[in-house]
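The values are calculated or read from the model by the stated rules, or taken from the named source; none is laboratory data. The shown structure was predicted, so the numbers you read here are calculated from the model rather than taken from an experiment. Counting neighbours? That spans all protein chains shown, and the Cβs are built from the backbone with ideal geometry, glycine included. Quick note on the areas: whole protein, heavy atoms, side chains included, nothing else; ligands and nucleic acids left out. Shrake-Rupley method; radii C 1.70, N 1.55, O 1.52, S 1.80 Å.
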Amino acid sequence: MLSSHLAKKIVSDVRRLIHEDIIIVDTNGIIMASTDTTRIGQFHEGAFLVCQEKKKRIITKQDEGVLKGVKAGVNLPIFFHGDVIGVIGITGDPTNVSPYGELLKKMTELLIQENYYTEQLQLEARALETFVFEWLQTREWSPSFFERAQLFHIDLTAKRRVVIASLNDKERTISIEMWKFTQTVWDDKRDIIVRWGNDRLLFLQTDDDKERTIAKIKTLQRSFLEKYDVSFHVGCGKMTDAKYVYESYKQAERALHVAKQTEEIVFDEDLRLDMCLEDISLSTKRELIRRTIEPLMNDEELLHTLRTFFAHNLSLKQTAEALHIHINTLHYRLKKIQEYTNLNVRHLEHVITLYLAIRFLDETTKK
């Protein structure tokens, strides 16, 4: 319960309140942490007696010559769930340091309770994540799987939609606090929310209303931006029977990949061309780039012209206006693109090929 790491943290936090030396001692009387690091590991007879008697003990100058390893000050028992789990000691004139005693004792006990609560949440989060991982991997449910579902109060008869939210800042991770905050904002006890890796949240959602789902996701995005100054991309799979959530998970992964490019909330059911493109291997995409627009790679002006042309739905007039050039200049550039690539933007198959090449180029460059 009172680990060496936690004891050192408590000493560090408590030291901010007073300047006297502080020690944390375990129930065997061994100093676990101290502002005077030379005392760590020594036996403290006064603290050992405090653990036995379960009450505060004043250490006087006279006691220094009688009790082993002590210095004048005050020692107080640390309680957790009614049991003594250690001692906090303050070195100094007992008259001067005693007034701090109860305050530091209460602060220490609160820190221990907070740490215990965080550890329990960590265990709960890991257990739930493990269960969901098995859910997505297992095709046949065992009796123990059903038992654990009951322990988590999970309804395996409800249809589910997998939603994956991925932080757009790879330097940030989903903390236990973020996980609890998400549950509060999402506020649907029927849904399952787990931390999924370092930078993702995975939802097993029961509400099949698409508009309500979008509204909840946007609320969550705003809340994260306000509280943590971070946003995330979101991909959503289709509603499916609980037995087949792995299919919805694959769909959510595909939708998330598109969402990272479009900066929108993406539902797999809305994907058309993107659904096909997701199945094209990276090596094939690179090969298409090599066979088409590789001669343009060192000409950013022509690449930008192509991107603008596609962004304005092949409209010559709108493209020229967006580029702030004369339409004859645009015709000249498109002719140069044709000379470099042997692809004519007036030919349907050629323009589709160029569009895919530009799209794959931008996609692979981001990666």
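Quick test for you: out of 359, 286, 254, 291, pick the one residue that is over 30 Å from residue 200 (Cβ atoms) and either basic (Lys, Arg) or outside any helix (DSSP H, G or I) (or both).
None of the others qualify; the one that does is 291.
Which one is farthest from the chain's Cα centre (by Cα), of the residues in the range 82-138 that are among the hydroxyl-bearing types (Ser, Thr, Tyr) and under 26 Å from residue 174 (Cβ atoms)?
138
Cβ-Cβ distance below 9 Å, separation of 6 or more or different chains: which pairs start in the range 170-198 with a residue that is under 16 Å from residue 233 (Cβ atoms) and open to solvent by 60 Å² or more (accessible area, probe 1.4 Å) and end on one that is at pLDDT 95 or above and of a type in the set (D, E, K, R)?
none
Are there any pairs, at least 6 apart or on different chains, whose C-beta atoms fall under 9 Å, with the first in the range 100-118 and among the charged types (D, E, K, R) and the second open to solvent by 90 Å² or more (accessible area, probe 1.4 Å), and if so, which?
102/56; 105/56
Which of the residues that make up the range 268-312 are farther than 16 Å from residue 361 by Cβ, surrounded by fewer than 17 Cβ atoms within 10 Å (Cβ to Cβ) and modelled with pLDDT under 90?
Across the range 268-312, the qualifying residues are 269, 270, 272, 273, 275, 276, 278, 279.
Pairs under 7 Å by beta carbon, first residue more than 19 Å from residue 244 (Cβ to Cβ) in the range 132-159, partner assigned to a helix (DSSP H, G or I) and aliphatic (A, V, I, L, M), six or more apart or different chains?
152/128
Starting from residues that are over 15 Å from the mean Cα position of the chain (by Cα) and in a strand (DSSP E or B), keep the ones in the range 199-232 and report whichever is farthest from residue 171 (Cα to Cα).
Here the answer is 205.
Restricting to the range 232-267, name every residue that is surrounded by fewer than 16 Cβ atoms within 10 Å (Cβ to Cβ), touching a residue at least 40 places away in the same chain (Cβ under 8 Å) and among the polar types (S, T, N, Q).
The one that is surrounded by fewer than 16 Cβ atoms within 10 Å (Cβ to Cβ), touching a residue at least 40 places away in the same chain (Cβ under 8 Å) and among the polar types (S, T, N, Q): 261.
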